[in-house]
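The next block holds one structure in the form of structure tokens; read it before the comments.
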Amino acid sequence: MNLELLESNIFIDELNAGVESAFKTLFDIHFRQLCFFSNKIVNDQDAAKDIVQEAFVSYWKSGTKVENVAGVRAYLYRSVQDRSLNHISRHKKRDEIANSLPHETMTESNYLREQIEAEVINEIFEAIKELPEQCRRIFELSYIFRYEIKQIAEDLNISVNTVKTQRLRAKKYLKERLKNVFPILVFLFFN
């Protein structure tokens, strides 16, 4: 299945409606990468497969509704991470596992983390592109280029209050649009 179809509204609607073929497609596409992710935490391929299967079953049974595939990925990665850490706490101390991992594994783990981070950052920038033009320009100038509110108002020849209002609208829209990506953001930037 190509990515365009995977990201299509039809696929999301089918997934939200509980269509088994959509769920199977999601499983087929993400199972291996989630197993890889879990295995880097638990260092046990069989346990990682079980953990990922449990996460998919939990997602299926939960009936969680999503707006896009990134939201599903965020849900699954967080679920797999939590289940993997629970597995460790039941079987071994986290420090013992961290010390036993070879250097190459840590490099692979960092690679996976960077891949996930790139996907999340892409999702954020795609959401920013969806903002109305003036709102997007104000948001970018303010939060990406770090311009002061007064400087933005002068550069765009608008009032300070307009800048503040547009910033608030952009933040409100992005907060809602990216709510399903939040667990991954927490994982990436606070762990």
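The values are calculated or read from the model by the stated rules, or taken from the named source; none is laboratory data. For clarity, every value in this text was computed on a predicted model and none was experimentally measured. Don't worry about glycine lacking a Cβ; one is built from the backbone with ideal geometry, like all the others, and counts go over all protein chains shown.
Select the helices (runs of 4 or more DSSP H) contained entirely in segment 113-183, then report the ones holding at least 3 residues which are surrounded by 15 or more Cβ atoms within 10 Å (Cβ to Cβ) and at positive phi. Walk me through how you get there before you give the answer.
On the way: elements: 133-139, 149-156, 160-177.
Per the criteria, no element qualifies.
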**Prompt:** Do we have any residue at all in segment 95-106 that's modelled with pLDDT under 80, surrounded by 12 or more Cβ atoms within 10 Å (Cβ to Cβ), under 23 Å from the mean Cα position of the chain (by Cα) and not in a loop (DSSP other than H, G, I, E, B)?
**Reply:** yes
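Identify the residue in segment 61-90 that is assigned to a helix (DSSP H, G or I) and free of Cβ contacts under 8 Å to residues at least 40 places away in the same chain and, among all such residues, is surrounded by the most Cβ atoms within 10 Å (Cβ to Cβ). Before you say what the answer is, go through the steps one by one.
Pass one, segment 61-90, residues assigned to a helix (DSSP H, G or I): 61-62, 69-90.
Now restrict to residues that are free of Cβ contacts under 8 Å to residues at least 40 places away in the same chain: 61-62, 79, 82, 86, 89-90.
Values: Lys61: 8, Ser62: 10, Ser79: 20, Asp82: 13, Asn86: 12, Ser89: 10, Arg90: 7.
Looking at residues that are assigned to a helix (DSSP H, G or I) and free of Cβ contacts under 8 Å to residues at least 40 places away in the same chain, I get Ser79.
Yes/no matrix, rows are residues, columns are (1) at pLDDT 85 or above; (2) of a type in the set (Val, Ile, Thr); (3) touching a Ser or Thr at 6+ places or on another chain (Cβ under 8 Å):
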residue: Glu7; (1), (2), (3): no, no, no
residue: Glu20; (1), (2), (3): yes, no, no
residue: Arg32; (1), (2), (3): yes, no, no
residue: Asn43; (1), (2), (3): yes, no, yes
residue: Ala55; (1), (2), (3): yes, no, yes
**Message:** So Asn86 ticks every box in (1) at pLDDT 80 or above; (2) under 17 Å from Gln45 (Cβ atoms) but one. Which box is left unticked?
**Reply:** (2)
**Message:** For the structure I just gave you, tell me whether Ile10 is closer than 19 Å to Asn122 by Cβ and not acidic (Asp, Glu).
**Reply:** no
